[in-house]
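A quick write-up on the structure given underneath.
The values are calculated or read from the model by the stated rules, or taken from the named source; none is laboratory data. Predicted model, so just to flag it, every value in this text is computed and none were measured. Every residue, glycine as well, gets a Cβ built from its backbone with ideal geometry; the counts of neighbours run over all protein chains shown. Heads up: the accessible areas ignore ligands, DNA and RNA and are worked out on the full protein's heavy atoms, side chains in. Shrake-Rupley method; radii C 1.70, N 1.55, O 1.52, S 1.80 Å.
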Amino acid sequence: MLLFGLSRQIQKEKNMALLKYESQVRPPLVEGDKNYHQISEDIVRPIETNPSKLWWTGFLIAILLLCFGIFAITREVIYGVGQWNLNKTVGWAWDITNFVWWIGIGHAGTLISAILLLFRQQWRTGVNRAAEAMTIFAVICAGQFPIWHMGRVWLAFFVLPYPNTRGSLWPNFNSALLWDVFAISTYFTVSLLFWYCGLLPDLATIRDRAKLKWRKFFYGVASFGWSGSTKHWQRHEALSLVLAGLSTPLVLSVHTIVSFDFATSVIPGWHTTIFPPYFVAGAVFSGFAMVQSLLVITRKVLKLEEYITIEHIDVMNKIIVLTGSIVGCAYLTELFIAWYGQNKFETYAFFQTRANPFSPYGWSYYLMMSCNVISPQIFWFRKLRRNLTVTFFMSVIVNIGMWYERFVIIATSVFRDYVPSSWSTYYTPTIYEIGFYLGTFGLFFTCYFLFSKFFPVIAVAEIKHILKKAGDNYKEKMGEAERETPEEFAHEMAHAH
């Protein structure tokens, strides 16, 4: 009995020590009375059961959009880029806008996965898997725009730096466009490894639960013989930290290099040193908005409300209002420097073309400011931050605004260049440019729907890891231990004796 009392006292001291480092004000990250088995049942259930009608509806819509995109690209390959409404000054408006927008969408996944893992933020566990998958699919969509824009896509190997017999035909290593190739391919490779590395324990869980032979074989091969041994976990954690360390600088470097596509030029409105941090903040801003759009729907369709909680939504909305404010400061800084620098070309680009409400593209500038700077400020209010309807609506608004940000930067700078005689008419995309963009949406959501059907949308092993620290019922038990008085403890000891 004495040993029992001593062990009880030690356990209580451990709980009290843990409570010193963990705020009990923060709501639980796993709601309900969950145990390890229940977590596996809840998260793996959508994989083992037939898809719902909502899943089939969304999947078929995505397939139709993808088919429309394939048609638009086929037309462009057969007849050339003349199918797009390009002219002598606006040479790549719609497609480079979409390219930069999709790259930005992919940034939140790596941020949630890598940086928050290094900082040991527990709230990432409910959303990191879907965000990582979103990163991979978004980079696949983005990479298509430069490829298909080549026109004669079968000659794409000309841009690769390898020894050849074509004389002076060699990639220009001073070009930021070539830096894009290496940065984005590296980013995609590391993100894919990071995503798949995290999947291994969960794939083994699905393999062990599988009843059909093809399912057991498929997940057995995909899990690479994961057994859950101590050595496997040690190697898994070491690899995760290494990949997180590699991914962290990529979050900053990839969109910085994308910004160099503009900042290293001499076009008014582009030649500015604020672009790298401004683009990175905007990428995180739009990426988190897309994560919110996906998770609000996913938690409802797959019935995962107890794992993707309002607390997750609240924390991500805080990041959205922070990065939105940073982007707003960048917009104002651009206007100030254009005025302070007294460069007549910069002044014309910002005050006569962009900020002038009566200019041809003035409406897009004010739409961008409204969506990206003004509207996210409602998230200063906790009630609105935790409202799912407001969150979903605002996430869509933010992504519309971030698309217009890229369009404003590109179109308003190139449709009026240094020579008035070459000024182009108002640029509008053709149906084939729009079709290409909608096709990438179809590709993105087709991949995401297939991912949600055959892979766990939430990291099972990581949710189990934080269950006893952030689970609803375990937090209640620790709270009871904290509230226990010495007299109550003495009474329990006497009763046990």
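Among the residues of region 64-84, those that are touching a Phe, Trp or Tyr at 6+ places or on another chain (Cβ under 8 Å) and assigned to a helix (DSSP H, G or I) comprise Leu65, Gly69, Ala72, Ile73, Arg75, Glu76, Val77, Gln83. Do you know which of the residues in region 149-178 that are in a helix (DSSP H, G or I) and open to solvent by 60 Å² or more (accessible area, probe 1.4 Å) is modelled with the highest pLDDT? Checking each candidate, the answer is Trp154.
Restricting Gln38, Gln11, Gln24 to those that are assigned to a helix (DSSP H, G or I), open to solvent by 30 Å² or more (accessible area, probe 1.4 Å) and modelled with pLDDT under 80 reduces the list to Gln11. Does Phe59 meet the test of being out of contact with any Asp or Glu (no Cβ under 6 Å at 6 or more places or on another chain), under 23 Å from Phe279 (Cβ atoms), aromatic (Phe, Trp, Tyr) and part of a helix (DSSP H, G or I)? Here the answer is no, as Phe59 does not meet what is asked. Restricting attention to region 71-97 and to residues that are among the β-branched types (Val, Ile, Thr) and surrounded by fewer than 15 Cβ atoms within 10 Å (Cβ to Cβ), the residue that is nearest to Arg406 (Cα to Cα) turns out to be Thr74.
When you scan region 227-253, how many residues do you find that are outside any helix (DSSP H, G or I) and either of a type in the set (S, T, N, Q) or closer than 30 Å to Ile184 by Cα (or both)?
Adding up the residues that qualify gives 2.
Scanning region 356-377 for residues that are within 16 Å of Ile319 (Cβ to Cβ) and open to solvent by 40 Å² or more (accessible area, probe 1.4 Å) turns up just one, Gln377. Entry remark, region 256-270: residues being buried (at least 17 other Cβ atoms within 10 Å of the Cβ) and over 15 Å from Val190 (Cβ atoms) number 10 in total.
Of all residues in region 178-223, how many are acidic (Asp, Glu) and in contact with a Ser or Thr (Cβ under 7 Å, 6 or more places away or on another chain)? Can you show your working first?
From region 178-223, those acidic (Asp, Glu) are 180, 202, 208; that's our starting set.
From what's left, in contact with a Ser or Thr (Cβ under 7 Å, 6 or more places away or on another chain): none.
Count: 0.
The sole residue among Gly328, Gly324 that is of a type outside the set (D, E, K, R), closer than 15 Å to Ala289 by Cα, touching a residue at least 12 places away in the same chain (Cβ under 8 Å) and open to solvent by less than 10 Å² (accessible area, probe 1.4 Å) is Gly324. Scanning region 183-226 for residues that are surrounded by 18 or more Cβ atoms within 10 Å (Cβ to Cβ) and not in a helix (DSSP H, G or I) yields Ala210, Ser223, Trp226.
Beta carbons closer than 8 Å, at least 6 apart along the sequence or on distinct chains, pair a first residue in region 54-68 that is under 15 Å from Ser452 (Cβ atoms) with a second that is charged (D, E, K, R) for Trp55/Lys453. Consider region 112-127 and keep the residues that are crowded, with 24+ Cβ neighbours inside 10 Å and touching a residue at least 40 places away in the same chain (Cβ under 8 Å). The one that is farthest from His312 (Cα to Cα) is Ala114.
Within region 299-320, restricting attention to residues that are within 16 Å of the chain's Cα centre (by Cα) and open to solvent by 10 Å² or more (accessible area, probe 1.4 Å), the residue that is nearest to Met402 (Cα to Cα) is Ile319.
Looking only at residues in region 412-430 that are farther than 13 Å from Leu86 by Cα, in contact (Cβ under 8 Å) with a residue 24 or more places away in the chain and assigned to a helix (DSSP H, G or I), the one that is most open to solvent (accessible area, probe 1.4 Å) is Ser422.
Quick one: which residue in Ala131, Ala142 is open to solvent by less than 10 Å² (accessible area, probe 1.4 Å) and touching a Gly at 6+ places or on another chain (Cβ under 6 Å)? Before the answer, list the steps.
Numbers: Ala142 fails: touching a Gly at 6+ places or on another chain (Cβ under 6 Å).
Sole residue among the options that is open to solvent by less than 10 Å² (accessible area, probe 1.4 Å) and touching a Gly at 6+ places or on another chain (Cβ under 6 Å): Ala131.
Looking only at region 378-411, residues that are open to solvent by less than 10 Å² (accessible area, probe 1.4 Å) and among the aromatic types (Phe, Trp, Tyr) come to 1 in all.
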